[in-house]
Each structure stands twice: as C-alpha cells, then as structure tokens.
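Just below is one structure, and these are the notes that go with it.
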Amino acid sequence: MSAPQAASTGSQASAPTPVLDVRGLSVGYGGRGGLHQVTHDISFSVAPGEILALVGESGSGKTTTAQAAINLLPQGGQVLAGSVALDGEDVTDASASRWRSLRGRRVGLVPQDPGGSLDPTKRIGDSIAEAFRIHRAAPRRILADRVVELLERVGLDDPARRAKQYPHELSGGMKQRVLIAGAIALGPGLLIADEPTSALDVTVQRRIMELLDDLRRESGTGILLVTHDLALAGDHADRVLVLQGGRVQEEGTSDVVLGNPTAEYTRRLLADAPTLATPVHRVARTPEADEAPVLAVTDLTVEFGGGFLVRTPVFRAVDGVGFTIPRGTTHALVGESGSGKTTTARAVAAFQGAASGSVTLLGQDVLALRGSARRALRRQVQLVYQNPFGSLDPRQTILESVLEPLTNFGLEASASARREHAVAALERVSLPAALHQRRPRELSGGQRQRVAIARAIVLHPELLILDEATSALDVTVQAEILRLLDDLQRERGMTYLVISHDLAVVRQIADTVTVLRHGRTVEQGTTAEIFASPQQDYTRDLIASIPGGAHP
Amino acid sequence: MTLELQRTALLPADGAAPQGRAPARARRRAPRVTVLLAVAVLVIVVAWALVPQLFTSQDPLAGVPADALQGPSAAHWFGTDPTGRDLFSRVVHGARYSLTGGVVAVEVGLVAGTAIGVIAGSIGTIVDEILMRVVDVLLSIPGLLLSLSVIILLGFGTTNAAIAVGVTSVAAFARLSRSEVVRVRRSDYVEAAFGSGGRWGGVLLRHVLPNSLTPVLALAALQFGTAILAISTLGFLGYGAPPPTPEWGLLISEGRSHLATSWWLTTLPGVVVVAVVLSANRLSGAISQARAARS
C-alpha cells in the first residue's frame, strides 16, 4: 500500500494536467424555502493515477460535490459558483449533449449500491456492452471479446460464463466488479466511486479497494473516492479532503491527515471511528464461578424452507451454534452477511422458531414458550433494530412509542406514573422534553436510535439485543450511542448480545465473541484472545480486512 | 372493470421536485384549484340530496303538459321532459337516490372487502390462500355481469342496485387492504410492537390498521364516483328505481327516445353524472398525494 503512494507522490512533482480540477465550487438546492447552499468554495484536483478521497459524514456535501463534478446533480441542484475541468477542459457550462459524450469516455461512475445499479432483465455482458454501443466505440463483431476481456480485467473468474449470467446470479462483490468493468470500459481518465464498498462485507470491501488500487496503478486512472470511512480513505487514498457542513476542513496527504491532523473536526472523526489500533478501555465484569449465565444457547439450529403444500429446498441458516453470556457482560456475534448472526439473535428473542437446540434465558426455555408466557418473556429481552427509520411507527409520537411497552404490561399504578417513567427513560437517553411530542420523521437517525433504545430499556430488561444498532449511523453519532450503551450497562448491570459486521466496534464493546460463517461457529473466545491470536484463517481474514492498517 | 384505472389513480405521485421557483408555485397552486372545484361540486350535490327544495321550487313528479319538451331557459334551466316536468328539479331531487346509492355501494364494498383483506393479510397461511382465491374468482367476473346477477337474485330497486354495485367492488377493496396490511405487518415497527409485549389484536388496531388504511380511503372516494356511474347504468337498463323516480340513470334512459330532437334530456343529467364522478376521482387522487407527501 505504501509503494503506490510513493510512486504517485513522485509523479505529482512533475505536475501533469489533472484529470479533474475543481475550483471554488459552491452548490445549492432550490426548494420551497428558497435557495439552500450546501457546499461552499470547495477546491481540489485529481492527478492521473491518484486516488483522492472526499471524506465526511452524512450532510457534509461529499456526494453533492462528486455529483456536481460529473454534472449529475439531482433536480433542483445547481452550481452557484466555481468551475469544473476534466483533462484541462472547462466543463462547468458544458451542454447536456457534450456531457453525454464525456460520461463514459472521460469519466466513469462506480455507484454505491451494486444491487440496484444493474438492470435485472439484462445479461451482465449486455449491460457492459451498452457503454460501447452508446458511444459507438467498438465494432459489433469484437464486442463480446472486449466484454470478456474487461470482466477478466476486474478479476471475475470464468468471465465468458459470467457475461451470460443475470445480476441475480452474482454476489454483491461480483456485481460491484461488473459495475467497475462498465465504468472503465471506454478507458476514462477519471473514475468517481461514491461509497463503492459501503453495501459490501468487510472482506469483499478490501478486495474491491485493491482492485481500484490496481486499476489506477496499471492504467493511470485518477480516482475520486467518496467515503464516510476515514480509515478506509487512509488505507487507499494518496490524498484526503475532509468535509464538514459543505466546507473543507482539512486537505493533505493521507499520512498527514490521519497521522497528524490539524483540524479539530478530523481529530474528532479519528477519535470516534475505532480501528484496531484504538486502545480498549473496557473493564470486563468477571462472573463468579458458580453463577448461572443470563443466556445460554446450545446447539441451536434454524432452518428455512420445507413447507406443507409446496415444498422448497431446506436451507439451514444456523447450524449448531452455542454460547453463554454471564450477567453484565457483552457477547458479540460477528460474521459476514448470510452467516446467520441475525437469525440467531431473532431465535433468542423468540421471533424465530428453531429446528433443534435450546435457548435458556434466566432459566426459561425460550423456544418452548408460547402465547402469554412468550409475551411475558418480552419484559426480559428487548431488541434494538439496525434501521432506526423502520423500527418506529411513523404515526406515533416518540413518547407514545416509549409509553407503549409500559401500557402493554400494565406497569406502574396509573397513566400519569407510566408517563413519568417514559419521560425519565427518554431523558436517560438524552432526548430533551422538546422532542417528546415529535414524530420519528422529524428526528435525525441518531435521535431515532435513542428513542428505540429508550423503548427497549423502559421495561428494565435483563438482556438487550443490538442488531447492527449503530451501523446506519455516522461515526460521531455511533460513538455517542456506544457511550450511552456502556453507561447503561454499568448502571443497570444489563447483559448485551451485539450483532455486528464491524470488528473494530466489536473490539471496543464486547467481552466475548463468537465468529460465525455459513451458520456455523468458526471460533469463540474472549475478545482479547480472538483479536490477539485468531486461530482460524477466516477470523484472520476478517480482522485483516478492517480498514485503518496503513496509519495506525 | 376499473381496476387499471384505480391502480394508476392510487399510485403515489412522483416526488419530482419542480425545477424553478416561480413555476413550482404555479404548478402547486393548479392542483389545489381542481381539488377545491371537486369539493365544491360534491358539496353542492350533497346539498341537493339533503334539501332539494332550497334549489328548486318546481315539482319533480307533476308535469305541466303545455310546457312539454322545452329547451333550457330561465324558467326551466335544464328544459322539460315529454310530460312537461322540469328537468333541473328532477336532477336535483334525483341526487338523493344516486348519492345514497353511491354511499351504500361504497359501504358494502368497503366493509366486506376491507374485512376480507384485513383478515387474510393479518392471519396469513391457509386462510389467506382461501380468501384470496375467492377474491380472484370475484375479480374474474365482469363487473356489470356480476351486478346484474346479484340484482336478479335480490330483486329490482334503488337499494338493491346499490348493493349489487357494491358487491363488484369487494374484490378491489380486499386486494388493496390485504396488500397494505401485509406490507405493514412485515415492517420492523410491527415486530417491535410485539417485542414490547403487544397482543395480536392490540398491535393490529394500533399499528397495522392506521398505517395501512389511507389508500383504502382513497379507493373508497374513487369507488363512490364509479358506483354512481354503475348505478346509473343499472337504472338506464331498467334494473334500478321504477319510472316516476327521478334517478339519474333513469332520466338519461327516458331521454333516449327524444335524443334527436331534445338533446338536453340526456346531455344535462349526463354532465351532472360526469361532474360528480370526476370530482370523486380528483378527491381520491388528492388523498393519495397527501399520503405520499407525508411518508
């Protein structure tokens, strides 16, 4: 990783024409309330063979800036000031038809969500060939060969067969490779990659980033990388531009920005985004020798499919998973998507039946509970969902949402006492009284997740399940939520079951870890052991894929 | 018969933000004017049905033979029919039959259809399969044919015609409410509500129904217009109210034999029917849009 950086730093000295040069760019959106300026006077340039990362949190203007650079601002967006030049040509006021010929030829786009960016009714090969057809860039008879060449170039195995497949037959990582192949088809000097890996697993993320690294080294393509992940930017980009509120906070080489940041905001971002180098302050509670664990899962197996009338093939999502969690500690289930971690958690919360095995919560067999006994169990185990936008009823005020569990169980003596209790829970998660009558859509993502936590803790459950509870949030918000959870655990002696794909976060908050793959346990142990000396290749691969290795 | 129409009307409007500021304001104003117009038409027609004597002093049933078949004039706004009855008065008094017919038809469809849809959607499994296959059978019978069959079973008359029309819309209400209930039932917040110790019925009432019934209301407004049209069709065919009744479909039917000489006998009641149907459509669209804007 350090070799290409040295190479490109060297090439910068000779100052070739930058593939992208943005000067004093300000972009605004026109709406009912007048013009709203979202970026202010942003300048940067991308040299051939260089990766420049635009880093910032949601609302920082990083995507808007990238969209303005390729003239793909959403409706209502307009460039207020500044200029954009591609390969030295000023394209700020270029016509729509000029832009159509520039896109694809001079600048390629790698979108964020590979799942939704390929036409599901088209074969992979046809999707890529479209770029050639639109620009009439290759004669028809050699088109198929060019497509196979490109697929091979982006590292897909058996490219000739892949070209004949449909998107649903490919994994997320393969789709992203296909999209990269489409973006580089006409050999553009500049690639714009908008969060190219945020929808992918961490191991796949590393391979995609390595592919982008190869491309710029071998073809001299300049890459504008838009990401929220400062550590990822530090690993792969030559230079980093940190944005906040549409303004440049800091610009410099990755070494300087990550190693010796000058801006206060960059320092906060670095502090809030844990990496493997971040020191762990957690002091684990040591359970007594004869203490019964809060949760004991043994040999849990969950199957999907089968069916009574129409039989579908049986799919085993969880296969013989077992772990125990002592009171007041945190256990993490980690693994890539499809590893069965969420299914396990849902079985623990009695939202999902099991084929065999047992789940014992405070001495009760969860899987055997039905009806009112299962309902009573909900007082002991609560779940916080990944998506705070979907887990709150859009019609309820947040106070109503938090009040509901108390009403359901008829806790407290009177309606006013319940109300006080709910207000206290909301205040515990730092939501001021002014917000209590708002509806979820009027709150930010972090505030919504606080509401979801308040609703979960208002019943004083023994076990709290956090299903990727912070992965949809910005790093600074994530850090706040994690602090809140840590405080709550120490105050109330709560037990946590954490599900996460983010091993850097897991390392900070968990006492014990189970690594899952394809529904089976790969490795299990204390967090310190697993991270210090992983025994399995899969675990090593997961840990090695955590961004932030380049600038510890 | 109107399923395609309903589907397009119920789709949420594209959230495309208009480009400039001035045209945006104009475009936003324009739909509001048509919605106001639609509400005005419906309010007037409802007033006709409630207090017809405020709008016309003429008798809808007794005619003056000397005034037969006169064209629209200051004395007779809509002209007169072959027996010299004032047509405007007949249209005003007829509003009662058409509107109550529309309300009854929508009620039948809304209550029966939504009940089927909510039961199928919230219970699922084999109950869902059986109910939905029954609905499929209902959908496969052409609407007019179905209402004619029902009316032959029930006997002629205004109310029976309305019930017959309502039966044809049961399937549409059932489908829509089922799909909405299924969509909401799968959402995280419904599972979270069960997780907070909610009971099945409580969660259904507090979370699933409020979040799934707005499009059903939009469909009800749309069906109101369609039902008036269908009831008029039945009246025109002679299955509705018996002759002296000034029901709108019957008025058009009676005017048919004088189409060549007295255009107003068919055209003006027809225009009223069209205005009411379009107004109900517009209102239905406005409900859908308001819902799309909120989510």
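Coordinate-derived values only; no laboratory data. In this text, all values refer to a predicted model and were calculated from it rather than measured experimentally. As a convention, Cβ positions derive from the backbone with ideal geometry for all residues, glycine included, and neighbour counts pool all protein chains shown.
Working note: Karplus 6.51/-1.76/1.60 with θ = phi - 60° gives region A:149-154 the couplings 4, 4, 5, 5, 4, 8 Hz, where Gly and Pro are set to x. At q = 0.12 Å⁻¹, what log₁₀ I(q)/I(0) does a Debye calculation on the Cα points of region A:233-297 give, no solvent, two decimals? Here log10 of I(q) over I(0) equals -0.49. Taking every residue in B:185-191 and counting other chain Cβ atoms within 10 Å of its Cβ, the average works out to 6. Hull volume per residue, based on the alpha-carbon atoms of region A:418-552 and their convex hull, is 138 Å³. Seen against the Cα atoms of chain A and their longest principal axis, helix A:2-13 is set at about 40 degrees. Whole-percent P(r), the protein assembly as shown, all Cα pairs, 20 Å bins from 0: 12, 34, 33, 16, 4, 0.
The mean of 1/r over all distinct Cα pairs in region A:477-538, once inverted, gives the Kirkwood hydrodynamic radius of 12.9 Å. Scaling the Cα radius of gyration of region A:51-92 by the globular reference 2.2 N^0.38 Å produces a ratio of 1.23. Across peptide A:399-412, the average count of Cβ atoms from other chains found within 10 Å of a residue's Cβ is 3.
Among the trypsin sites (Lys or Arg not before Pro) within region B:197-295, those in coil by DSSP and having at most 15 neighbouring Cβ atoms inside 10 Å are B:R199. Between the alpha-carbon centres of region A:184-254 and region B:183-260 there is a gap of 54 Å. Average projection, convex hull of the Cα set of region B:219-277: 3.9 square nanometres. Counted over region A:114-187 with a bin width of 5 Å, the fraction of Cα pairs per bin, in whole percents, is 3, 19, 33, 27, 14, 4, 0.
Going from the fewest other Cβ atoms within 10 Å to the most, the residues A:T397, B:T80, B:T100 appear in the order B:T100, A:T397, B:T80. With the gyration tensor restricted to C-alpha atoms of region A:140-225, the semi-axes of the equivalent ellipsoid amount to 20, 17, 10 Å, longest first. For region A:412-429, 3J(HN,Hα) computed residue by residue from phi via the Karplus equation (6.51, -1.76, 1.60; θ = phi - 60°) reads 6, 7, 9, 4, 6, 5, 5, 4, 4, 4, 5, 4, 4, 5, 5, 6, 4, 8 Hz, glycine and proline entered as x.
With 10 angstrom as the radius, rank A:V202, B:V41, B:V271 by how many other C-beta atoms surround their C-beta, starting from the fewest. Spell out each step's value before the answer.
Working: A:V202 21, B:V41 18, B:V271 13.
The fewest-first ordering by Cβ neighbours comes to B:V271, B:V41, A:V202.
Each label was represented as a point 7 Å from its Cα along the Cα-to-Cβ direction; for A:A532 and B:T261 these points are 11.0 nm apart. The slack between B:L278 and B:V137, meaning 0.36 nm per residue of separation minus the straight C-alpha distance, is 47.8 nm. Seen against the Cα atoms of chain A and their longest principal axis, helix A:398-409 is set at about 30 degrees.
Quick one: grab the alpha carbon gyration tensor of region A:348-425, order the square roots of its eigenvalues as a ≥ b ≥ c, and give me rounded if a/c is under 1.5, else prolate or oblate depending on whether a/b is larger than b/c. In terms of gyration-tensor shape, oblate. The share of Cα pairs per 10 Å bin across region B:29-90, counted from zero up to the longest distance, runs 22, 36, 25, 13, 3 percent. Backbone amide hydrogens, once placed in the peptide plane, bring A:D319 within less than 5 Å of A:V302, A:R520, excluding anything fewer than 5 places away on its chain.
Trypsin sites (Lys or Arg not before Pro) within region A:294-400: which are DSSP loop residues with at most 13 other Cβ atoms inside 10 Å?
Values: sites: A:R311, A:R316, A:R327, A:K341, A:R346, A:R370, A:R374, A:R375, A:R378, A:R379, A:R395; in loops: A:R311, A:R327, A:R370, A:R378, A:R379, A:R395.
In loop regions of region A:294-400 (DSSP not H, G, I, E or B), the sparsely surrounded trypsin sites (Lys or Arg not before Pro) are A:R311, A:R370.
Computed from phi, the 3J(HN,Hα) profile of region A:367-376 under the Karplus parametrisation 6.51, -1.76, 1.60 (θ = phi - 60°) reads 5, 8, 6, 9, x, 5, 5, 5, 5, 5 Hz, with x in place of Gly and Pro.
Counted by neighbouring Cβ atoms within 10 Å, the residues A:V348, B:V104, B:V137, A:V318 run from fewest to most as B:V137, B:V104, A:V348, A:V318. Between B:F224, A:Q508, A:H518, the Cα set farthest toward the positive side of the dipole of the protein assembly as shown (charges on each charged residue's Cβ, about the Cα centre) is that of B:F224.
Distances between placed amide hydrogens fall under 5 Å for A:L80 paired with A:S26, A:V27, A:G28, all partners being 5 or more residues away or on another chain. In whole Å, what is the distance between the alpha-carbon centres of region A:467-508 and region A:119-138? Region A:467-508 and region A:119-138 have Cα centres separated by 44 Å. The P(r) of region B:95-295 has a tail past 26 Å containing 42 percent of all C-alpha pairs. Taking the Cα centre of chain B as reference, the dipole from Cβ charges on Lys and Arg (+1) and Asp and Glu (-1) amounts to some 1240 debye.
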